[in-house]
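Comments concern the structure below.
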Amino acid sequence: GSWRGGGRQRARARLGRSSGRAGTMATQHASLKRLRPPLSGFIVDGFNFCEADVRHYLLTHAHSDHTCGLHASFDLGTVYCSSVTARVLRATIGLPEKRITTIDVGQSIEVEGVQITALDAGHCPGSLMFLLEHLATGHTALHTGDMRASQDVREAVCAALLRRGLLRLCHRCNHSPSPTTSAIAATAAATAAAAATDAAGHA
């Protein structure tokens, strides 16, 4: 779902279910890989679900359950990932450098009217979350992939949302949070709890 406040669509989070441990796999459902309009020009961790009208593929990290479908002759578009992940792709898959655009933690790039900001996912070296903002409409999505729901990671997300004006007040502030912020905080807490439960189930 999405969060709304003040008439503006707010950030939407997705959580991959892979814990990164042996025997687990990232979600392999096409409907969860391609972002919804107006961000439908992007697919995240979905190289088994390439679309003819999509040229932008975001890769959160280099674990094999997220790169499945990606191979050395991939020529359907550009792969966006961290510089660490890019080195892994070149070394293990042989993906040509011309197919890769790197974006590291804290950096932002603009792709066809969409601003993409990389945030640390805390999952493994080079792992990213992607904050995407459609500049014409303000529609924003936060794709977490596999992330560690630690305090540092959560606070970095809050800081990024505050900088973008997507939060009026961080729920960790001493002031009374707005209804929008309370809803986001509650959803974030539920997401973190679900992640912890899922990880415990694979322990």
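If you take every residue apart from A118 with its C-beta less than 14 Å away from the C-beta of A118, what net charge results, scoring Lys and Arg +1 and Asp and Glu -1? Every neighbour counted, the sum reads -2.
Per residue, the accessible area of region 78-117 comes to 50 Å², computed with a 1.4 Å probe over protein heavy atoms only.
Here L135 and E155 are evaluated by their C-beta separation; at R0 = 25 Å the FRET efficiency comes out at 0.45.
The values are calculated or read from the model by the stated rules, or taken from the named source; none is laboratory data. Quick caveat: nothing in here was measured; it's all calculated off a predicted structure. Using ideal geometry, Cβ is built from the backbone for each residue, glycine included, and neighbour counts are taken over all protein chains shown. The area values use the complete protein model at the heavy-atom level, side chains included, leaving out ligands, DNA and RNA. Shrake-Rupley method; radii C 1.70, N 1.55, O 1.52, S 1.80 Å.
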